[in-house]
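Asks: Sharing a structure with you now.
The values are calculated or read from the model by the stated rules, or taken from the named source; none is laboratory data. All figures in this text were calculated on a predicted structure; none of them were measured in a lab. Glycine gets a Cβ as well: all are built from the backbone with ideal geometry, and neighbour counts include every protein chain shown.
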Amino acid sequence: MAVISLFVFIVFLSFESKRFFFTRFGILIATLIGCFNNVFEFFYPETFFPIDSEHKVLGRSAGFFVNANIAGTALNLGLILSIEIIQKRFRSIYSFIVFIGILFTFSRSGMAGWFLLMVIFSFKNVLDVKKIVFLSGALLVFIYLGLPKINNFLNDNMSGAVSNITNRLLWFSNPEIHRDSSQIERELVAGRAWNAFLEKPYFGNGIGYTSNWDLRTGPHNIYLVTLAEYGLIGILIYPALIYLSILRLENLKNYINVSFFVLTLFVGIFSHNLLTDTFLFYTCAIISIINFNKNEYE
(Lines give C-alpha, C1' and ligand atoms only; values in the text may rest on other atoms or scores of the structure.)
Protein backbone atom coordinates (compact mmCIF):
# COMPACT_ATOMS: atom_id res chain seq x y z
CA MET A 1 0.00 0.00 0.00
CA ALA A 2 2.84 2.38 0.83
CA VAL A 3 4.48 1.72 -2.55
CA ILE A 4 1.18 2.41 -4.34
CA SER A 5 0.88 5.69 -2.42
CA LEU A 6 4.43 6.59 -3.51
CA PHE A 7 3.69 6.17 -7.22
CA VAL A 8 0.29 7.90 -7.02
CA PHE A 9 1.89 10.86 -5.27
CA ILE A 10 4.64 11.11 -7.92
CA VAL A 11 2.10 11.07 -10.75
CA PHE A 12 -0.08 13.64 -8.99
CA LEU A 13 2.77 16.16 -8.65
CA SER A 14 4.93 15.51 -11.70
CA PHE A 15 2.98 17.41 -14.30
CA GLU A 16 2.15 20.66 -12.55
CA SER A 17 4.88 22.98 -11.20
CA LYS A 18 2.46 25.24 -9.32
CA ARG A 19 0.87 22.24 -7.65
CA PHE A 20 4.33 21.06 -6.64
CA PHE A 21 5.26 24.47 -5.17
CA PHE A 22 2.09 24.62 -3.10
CA THR A 23 2.75 21.10 -1.89
CA ARG A 24 6.12 22.22 -0.51
CA PHE A 25 4.49 25.33 0.94
CA GLY A 26 1.94 23.05 2.61
CA ILE A 27 4.81 21.02 4.07
CA LEU A 28 6.27 24.25 5.48
CA ILE A 29 2.97 25.07 7.20
CA ALA A 30 2.56 21.49 8.43
CA THR A 31 6.11 21.52 9.86
CA LEU A 32 5.42 24.74 11.77
CA ILE A 33 2.13 23.33 13.05
CA GLY A 34 3.97 20.18 14.14
CA CYS A 35 6.45 22.30 16.10
CA PHE A 36 3.62 24.24 17.78
CA ASN A 37 1.79 21.01 18.61
CA ASN A 38 4.86 19.56 20.31
CA VAL A 39 5.41 22.63 22.49
CA PHE A 40 1.71 22.82 23.38
CA GLU A 41 1.47 19.10 24.15
CA PHE A 42 4.38 19.27 26.57
CA PHE A 43 2.39 21.60 28.83
CA TYR A 44 -0.96 19.89 28.12
CA PRO A 45 -0.02 16.19 27.71
CA GLU A 46 -3.48 14.83 26.88
CA THR A 47 -4.23 17.32 24.11
CA PHE A 48 -3.99 14.81 21.26
CA PHE A 49 -4.06 11.36 22.83
CA PRO A 50 -4.62 9.91 26.32
CA ILE A 51 -1.46 9.40 28.35
CA ASP A 52 -2.00 5.63 28.40
CA SER A 53 -2.04 5.39 24.58
CA GLU A 54 0.38 2.94 22.99
CA HIS A 55 3.79 4.51 22.16
CA LYS A 56 2.93 7.71 24.08
CA VAL A 57 5.43 8.61 26.81
CA LEU A 58 4.66 11.26 29.44
CA GLY A 59 6.89 14.31 28.98
CA ARG A 60 7.75 13.51 25.35
CA SER A 61 5.66 15.39 22.82
CA ALA A 62 4.66 13.83 19.51
CA GLY A 63 1.55 15.67 18.34
CA PHE A 64 -0.48 13.71 15.81
CA PHE A 65 2.36 11.20 15.37
CA VAL A 66 1.89 9.70 18.89
CA ASN A 67 5.44 8.28 18.70
CA ALA A 68 7.99 10.94 19.67
CA ASN A 69 10.84 9.46 17.61
CA ILE A 70 8.71 9.40 14.48
CA ALA A 71 7.65 12.99 15.16
CA GLY A 72 11.30 14.09 15.35
CA THR A 73 12.15 12.39 12.06
CA ALA A 74 9.10 13.88 10.34
CA LEU A 75 10.03 17.42 11.41
CA ASN A 76 13.58 16.98 10.09
CA LEU A 77 12.26 15.76 6.75
CA GLY A 78 9.81 18.65 6.67
CA LEU A 79 12.73 21.02 7.20
CA ILE A 80 14.64 19.50 4.27
CA LEU A 81 11.69 19.74 1.89
CA SER A 82 10.61 23.27 2.78
CA ILE A 83 13.75 25.27 3.61
CA GLU A 84 14.48 26.03 -0.05
CA ILE A 85 11.30 28.09 -0.50
CA ILE A 86 12.26 30.39 2.39
CA GLN A 87 14.46 33.44 1.87
CA LYS A 88 17.99 32.78 3.07
CA ARG A 89 17.90 35.44 5.80
CA PHE A 90 14.99 33.62 7.48
CA ARG A 91 16.29 30.07 7.14
CA SER A 92 18.26 30.09 10.40
CA ILE A 93 15.20 31.21 12.35
CA TYR A 94 13.03 28.59 10.65
CA SER A 95 15.60 25.85 11.34
CA PHE A 96 15.77 26.90 14.98
CA ILE A 97 11.96 26.76 15.31
CA VAL A 98 12.10 23.21 13.98
CA PHE A 99 14.77 22.39 16.56
CA ILE A 100 12.46 23.65 19.33
CA GLY A 101 9.75 21.34 18.01
CA ILE A 102 12.17 18.41 17.99
CA LEU A 103 13.58 19.31 21.40
CA PHE A 104 10.18 18.75 23.03
CA THR A 105 10.09 15.20 21.65
CA PHE A 106 13.32 14.47 23.56
CA SER A 107 14.16 12.15 20.69
CA ARG A 108 17.91 11.59 20.63
CA SER A 109 17.87 10.53 16.98
CA GLY A 110 15.74 13.58 16.14
CA MET A 111 18.10 16.02 17.83
CA ALA A 112 21.23 14.35 16.46
CA GLY A 113 19.64 14.36 12.99
CA TRP A 114 18.94 18.09 13.24
CA PHE A 115 22.58 18.79 14.13
CA LEU A 116 23.67 16.73 11.13
CA LEU A 117 21.45 18.87 8.91
CA MET A 118 22.93 22.06 10.35
CA VAL A 119 26.44 20.82 9.54
CA ILE A 120 25.39 20.09 5.95
CA PHE A 121 23.53 23.38 5.57
CA SER A 122 26.56 25.22 6.92
CA PHE A 123 28.98 23.60 4.46
CA LYS A 124 26.55 24.25 1.60
CA ASN A 125 26.06 27.89 2.68
CA VAL A 126 22.30 27.39 2.96
CA LEU A 127 21.87 29.49 6.09
CA ASP A 128 23.66 31.87 8.43
CA VAL A 129 25.56 29.73 10.94
CA LYS A 130 26.16 32.70 13.23
CA LYS A 131 22.41 33.13 13.72
CA ILE A 132 22.02 29.45 14.63
CA VAL A 133 24.87 29.71 17.19
CA PHE A 134 23.38 32.92 18.63
CA LEU A 135 19.88 31.45 18.91
CA SER A 136 21.24 28.25 20.47
CA GLY A 137 23.21 30.28 23.00
CA ALA A 138 20.14 32.34 23.83
CA LEU A 139 18.14 29.14 24.36
CA LEU A 140 20.79 27.77 26.74
CA VAL A 141 20.78 31.00 28.74
CA PHE A 142 16.97 30.94 28.87
CA ILE A 143 16.96 27.33 30.09
CA TYR A 144 19.66 28.06 32.67
CA LEU A 145 17.83 31.10 34.09
CA GLY A 146 14.48 29.33 34.06
CA LEU A 147 15.76 26.00 35.34
CA PRO A 148 14.24 26.33 38.85
CA LYS A 149 10.79 27.05 37.42
CA ILE A 150 11.16 24.33 34.80
CA ASN A 151 12.15 21.85 37.51
CA ASN A 152 9.17 22.86 39.67
CA PHE A 153 6.81 22.49 36.70
CA LEU A 154 8.11 19.01 35.91
CA ASN A 155 7.93 17.83 39.51
CA ASP A 156 4.41 19.22 39.97
CA ASN A 157 2.92 18.01 36.69
CA MET A 158 4.93 15.04 35.45
CA SER A 159 7.19 13.79 38.21
CA GLY A 160 7.36 10.36 36.63
CA ALA A 161 8.94 11.81 33.49
CA VAL A 162 11.71 13.91 35.07
CA SER A 163 14.27 11.12 35.24
CA ASN A 164 13.59 9.98 31.67
CA ILE A 165 13.85 13.50 30.25
CA THR A 166 17.03 14.30 32.20
CA ASN A 167 18.73 11.07 31.17
CA ARG A 168 17.87 11.64 27.51
CA LEU A 169 19.56 15.04 27.55
CA LEU A 170 22.56 13.93 29.61
CA TRP A 171 22.98 10.87 27.36
CA PHE A 172 24.74 13.07 24.79
CA SER A 173 27.49 13.83 27.32
CA ASN A 174 28.16 10.18 28.23
CA PRO A 175 25.98 7.39 26.74
CA GLU A 176 27.43 4.72 29.03
CA ILE A 177 26.81 6.51 32.33
CA HIS A 178 23.32 7.68 31.36
CA ARG A 179 21.97 4.42 29.96
CA ASP A 180 18.22 4.19 30.45
CA SER A 181 15.60 1.46 30.06
CA SER A 182 15.05 2.46 26.44
CA GLN A 183 18.71 1.96 25.56
CA ILE A 184 18.86 -1.35 27.41
CA GLU A 185 15.78 -2.59 25.54
CA ARG A 186 17.24 -1.45 22.23
CA GLU A 187 20.42 -3.41 22.89
CA LEU A 188 18.36 -6.50 23.74
CA VAL A 189 16.17 -6.45 20.62
CA ALA A 190 19.11 -5.52 18.38
CA GLY A 191 21.00 -8.55 19.68
CA ARG A 192 18.01 -10.79 19.03
CA ALA A 193 17.67 -9.52 15.46
CA TRP A 194 21.39 -9.99 14.77
CA ASN A 195 21.31 -13.55 16.09
CA ALA A 196 18.26 -14.25 13.93
CA PHE A 197 20.23 -13.09 10.90
CA LEU A 198 23.22 -15.27 11.83
CA GLU A 199 20.93 -18.30 12.09
CA LYS A 200 19.54 -17.77 8.56
CA PRO A 201 21.94 -15.38 6.81
CA TYR A 202 21.08 -16.16 3.19
CA PHE A 203 17.29 -16.03 2.96
CA GLY A 204 16.32 -14.65 6.36
CA ASN A 205 13.43 -15.62 8.64
CA GLY A 206 10.62 -14.28 6.47
CA ILE A 207 8.57 -11.12 6.12
CA GLY A 208 7.17 -9.89 9.44
CA TYR A 209 9.49 -11.98 11.61
CA THR A 210 10.53 -9.05 13.82
CA SER A 211 6.93 -7.82 14.06
CA ASN A 212 5.60 -11.10 15.40
CA TRP A 213 8.32 -12.35 17.71
CA ASP A 214 7.89 -12.66 21.48
CA LEU A 215 9.57 -9.32 22.33
CA ARG A 216 7.59 -6.16 23.08
CA THR A 217 9.03 -4.15 20.21
CA GLY A 218 11.07 -4.38 17.03
CA PRO A 219 14.86 -3.95 16.69
CA HIS A 220 14.75 -0.12 16.39
CA ASN A 221 17.04 -0.47 13.38
CA ILE A 222 15.81 -0.83 9.81
CA TYR A 223 19.04 -2.52 8.71
CA LEU A 224 18.71 -5.24 11.35
CA VAL A 225 15.03 -5.71 10.44
CA THR A 226 15.80 -6.31 6.76
CA LEU A 227 18.77 -8.54 7.56
CA ALA A 228 16.76 -10.70 9.98
CA GLU A 229 13.76 -10.98 7.65
CA TYR A 230 15.34 -11.12 4.17
CA GLY A 231 18.91 -12.22 4.78
CA LEU A 232 21.99 -10.68 3.15
CA ILE A 233 20.05 -9.15 0.27
CA GLY A 234 17.91 -7.32 2.83
CA ILE A 235 20.66 -4.87 3.73
CA LEU A 236 20.21 -3.27 0.29
CA ILE A 237 16.44 -2.70 0.45
CA TYR A 238 16.29 0.53 2.44
CA PRO A 239 19.43 2.19 0.96
CA ALA A 240 18.15 1.29 -2.53
CA LEU A 241 14.89 3.16 -1.88
CA ILE A 242 16.84 6.25 -0.79
CA TYR A 243 19.26 6.05 -3.71
CA LEU A 244 16.47 5.61 -6.28
CA SER A 245 14.88 8.81 -4.97
CA ILE A 246 18.08 10.72 -5.77
CA LEU A 247 18.37 9.03 -9.22
CA ARG A 248 22.10 9.75 -9.75
CA LEU A 249 25.09 10.13 -7.43
CA GLU A 250 25.97 13.44 -9.09
CA ASN A 251 22.73 14.84 -7.65
CA LEU A 252 24.33 14.63 -4.20
CA LYS A 253 25.96 17.96 -5.03
CA ASN A 254 22.57 19.51 -4.25
CA TYR A 255 22.16 20.23 -0.53
CA ILE A 256 18.57 18.94 -0.45
CA ASN A 257 19.67 15.58 -1.82
CA VAL A 258 22.70 15.19 0.42
CA SER A 259 20.64 16.24 3.46
CA PHE A 260 17.93 13.72 2.61
CA PHE A 261 20.49 10.99 1.86
CA VAL A 262 22.51 11.45 5.07
CA LEU A 263 19.50 11.95 7.38
CA THR A 264 17.49 8.96 6.16
CA LEU A 265 20.45 6.58 6.27
CA PHE A 266 21.34 7.88 9.75
CA VAL A 267 17.80 7.59 11.13
CA GLY A 268 17.66 4.01 9.88
CA ILE A 269 20.06 3.10 12.70
CA PHE A 270 17.45 4.14 15.27
CA SER A 271 14.11 3.16 13.74
CA HIS A 272 12.50 -0.02 12.40
CA ASN A 273 9.33 1.75 11.20
CA LEU A 274 10.72 3.60 8.19
CA LEU A 275 9.49 1.19 5.52
CA THR A 276 5.95 1.47 6.91
CA ASP A 277 5.92 5.23 7.57
CA THR A 278 3.91 6.84 4.78
CA PHE A 279 5.53 10.25 5.25
CA LEU A 280 8.91 8.79 4.26
CA PHE A 281 7.47 7.52 0.98
CA TYR A 282 5.94 10.94 0.29
CA THR A 283 9.34 12.49 0.98
CA CYS A 284 10.96 10.06 -1.46
CA ALA A 285 8.35 11.04 -4.06
CA ILE A 286 9.07 14.76 -3.67
CA ILE A 287 12.85 14.24 -3.77
CA SER A 288 12.41 12.17 -6.95
CA ILE A 289 10.38 14.93 -8.61
CA ILE A 290 12.97 17.56 -7.65
CA ASN A 291 15.69 15.48 -9.29
CA PHE A 292 13.65 14.49 -12.33
CA ASN A 293 12.75 18.12 -13.04
CA LYS A 294 15.78 19.75 -11.44
CA ASN A 295 16.16 22.43 -14.12
CA GLU A 296 12.64 23.62 -13.43
CA TYR A 297 12.67 23.50 -9.62
CA GLU A 298 16.20 24.72 -8.87
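Asks: So if I check each of Leu249, Leu236, Leu244, which one is of a type in the set (A, V, I, L, M, F, W, C), modelled with pLDDT of 90 or more and surrounded by fewer than 16 Cβ atoms within 10 Å (Cβ to Cβ)?
Replies: Numbers: Leu249 fails: modelled with pLDDT of 90 or more; Leu244 fails: modelled with pLDDT of 90 or more.
Just one listed residue meets the conditions, Leu236.
Asks: How many residues, within the stretch 31-90, are of a type outside the set (Val, Ile, Thr), in a loop (DSSP other than H, G, I, E, B) and in contact (Cβ under 8 Å) with a residue 60 or more places away in the chain? Lay out the reasoning, then the answer.
Replies: The first filter runs over the stretch 31-90 and keeps only residues of a type outside the set (Val, Ile, Thr), leaving 32, 34-38, 40-46, 48-50, 52-56, 58-65, 67-69, 71-72, 74-79, 81-82, 84, 87-90.
Next, only the ones that are in a loop (DSSP other than H, G, I, E, B) stay: 44-46, 48-50, 52-56, 58-62, 67, 87.
Adding the requirement that they be in contact (Cβ under 8 Å) with a residue 60 or more places away in the chain leaves 45, 58-60, 67.
So the answer is 5.
Asks: Would you point out which residue out of Ile10, Ile4, Ile97 is at pLDDT 90 or above, in a helix (DSSP H, G or I) and aliphatic (A, V, I, L, M)?
Replies: Numbers: Ile10 fails: at pLDDT 90 or above; Ile4 fails: at pLDDT 90 or above.
Step by step, each of Ile10, Ile4, Ile97 is checked, and only Ile97 is at pLDDT 90 or above, in a helix (DSSP H, G or I) and aliphatic (A, V, I, L, M).
Asks: Please determine whether any residue of the stretch 39-56 is within 20 Å of His272 (Cα to Cα) and crowded, with 18+ Cβ neighbours inside 10 Å.
Replies: yes
Asks: Hey, any hits in the stretch 127-141 for a residue that's surrounded by 21 or more Cβ atoms within 10 Å (Cβ to Cβ), modelled with pLDDT of 85 or more and on the phi < 0 side of the Ramachandran plot?
Replies: As a first pass, look at the stretch 127-141 and keep what is surrounded by 21 or more Cβ atoms within 10 Å (Cβ to Cβ): 127.
Filter once more, keeping what is modelled with pLDDT of 85 or more: 127.
This time we only want the ones that are on the phi < 0 side of the Ramachandran plot, so: 127.
Yes: one or more hits.
Asks: Select from the stretch 109-138 the residues that are within 14 Å of Thr73 (Cβ to Cβ) and touching a Leu at 6+ places or on another chain (Cβ under 9 Å) and list them in ascending order.
Replies: Gly110, Met111, Gly113, Trp114, Leu116, Leu117
Asks: Quick check: is even one residue across the stretch 196-213 assigned to a loop (DSSP other than H, G, I, E, B) and either touching a strand residue (DSSP E or B) at 6+ places or on another chain (Cβ under 6 Å) or among the basic types (Lys, Arg) (or both)?
Replies: Taking the stretch 196-213 first, the residues assigned to a loop (DSSP other than H, G, I, E, B) are 200-208, 212-213.
Among the residues that remain, those that are also either touching a strand residue (DSSP E or B) at 6+ places or on another chain (Cβ under 6 Å) or among the basic types (Lys, Arg) (or both) are: 200.
Yes, there is a match, as at least one residue in the stretch 196-213 is assigned to a loop (DSSP other than H, G, I, E, B) and either touching a strand residue (DSSP E or B) at 6+ places or on another chain (Cβ under 6 Å) or among the basic types (Lys, Arg) (or both).
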